[in-house]
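Since the structure comes first, as structure tokens, the remarks are kept for the end.
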Amino acid sequence: MISIRLFSALDFSEVSRITVDCFEKINFINMNPDELKYAKEYYSTTKLLESTKSFDFYICKFNNQIVGSVAFNKNQLHNLFVDPNFHKMGIGKKLLEFAESIIFENYSDVVLDSSPYAVGFYKKFGYEILDNSKNKLGLAISMKKEKP
């Protein structure tokens, strides 16, 4: 059973592990060593915990195990991570639909910066590419979805 709830400080170590796993096992292919180092340091330190104060931050559980997270602020989706061991199980879709349902209550669109790896995922749910740029985590593909 999949459930989504607000992040709590007790979730920090597991959310950090999942996020770092995503960078090490998936996103690394599109990152240089400095970008990967930055990602691992950011998401495995108290910087992640501090950032949760600025976002609506939720975790996803599958059979009582944390398997993903999503964070957003206003209409911007800041991150969505799913444990690589649980990809292709609909968890990312659930997290995205959950975030969109909250965002679309007050905004007419959702914007995000995607990793190259996740572009296909977001396109599948109606997101369109706006632009490409570089940030501390490597190539960022700006995307947008209008409220249906």
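The values are calculated or read from the model by the stated rules, or taken from the named source; none is laboratory data. Everything quoted here is computed from the prediction, not taken from an experiment. Neighbour counts are summed over all protein chains in view; Cβ atoms, including those assigned to glycine, are modelled from backbone coordinates with ideal geometry.
Restricting the first residue to region 1-18 and requiring it to be charged (D, E, K, R), which pairs with a second residue that is surrounded by 11 or more Cβ atoms within 10 Å (Cβ to Cβ) and assigned to a strand (DSSP E or B) meet a Cβ separation below 7 Å and a spacing of at least six or different chains?
Going by the 7 Å Cβ cut-off, the qualifying pairs are R5/Y58; R5/I59; D11/I59; D11/I66; E14/I66.
When both residues are 6+ apart or on different chains and their Cβ atoms are under 9 Å apart, which pairs have a first residue that lies in region 79-101 and is over 16 Å from Y58 (Cα atoms), and a second that is of a type in the set (F, W, Y)?
Pairs found: F86/F62; M89/F62.
Could you count how many residues in region 98-148 are outside any loop (DSSP other than H, G, I, E, B), modelled with pLDDT under 95, among the hydroxyl-bearing types (S, T, Y) and buried (at least 18 other Cβ atoms within 10 Å of the Cβ)?
Summing the residues that are outside any loop (DSSP other than H, G, I, E, B), modelled with pLDDT under 95, among the hydroxyl-bearing types (S, T, Y) and buried (at least 18 other Cβ atoms within 10 Å of the Cβ) in region 98-148 gives 1.
Return yes or no: is K88 assigned to a loop (DSSP other than H, G, I, E, B) and closer than 24 Å to K145 by Cβ?
Yes.
Residue under question is K61, and the condition is that it be surrounded by fewer than 22 Cβ atoms within 10 Å (Cβ to Cβ) and either without any contact (Cβ under 8 Å) to a residue 12 or more places away in the chain or in a helix (DSSP H, G or I) (or both); does it hold? Spell out how you get there, then give the answer.
Details: surrounded by fewer than 22 Cβ atoms within 10 Å (Cβ to Cβ): yes; either without any contact (Cβ under 8 Å) to a residue 12 or more places away in the chain or in a helix (DSSP H, G or I) (or both): no.
No: the conditions fail for K61.
K53: without any contact (Cβ under 8 Å) to a residue 12 or more places away in the chain and outside any helix (DSSP H, G or I), yes or no? I'd like the intermediate steps shown before the answer.
Values: without any contact (Cβ under 8 Å) to a residue 12 or more places away in the chain: yes; outside any helix (DSSP H, G or I): yes.
So K53 passes the test.
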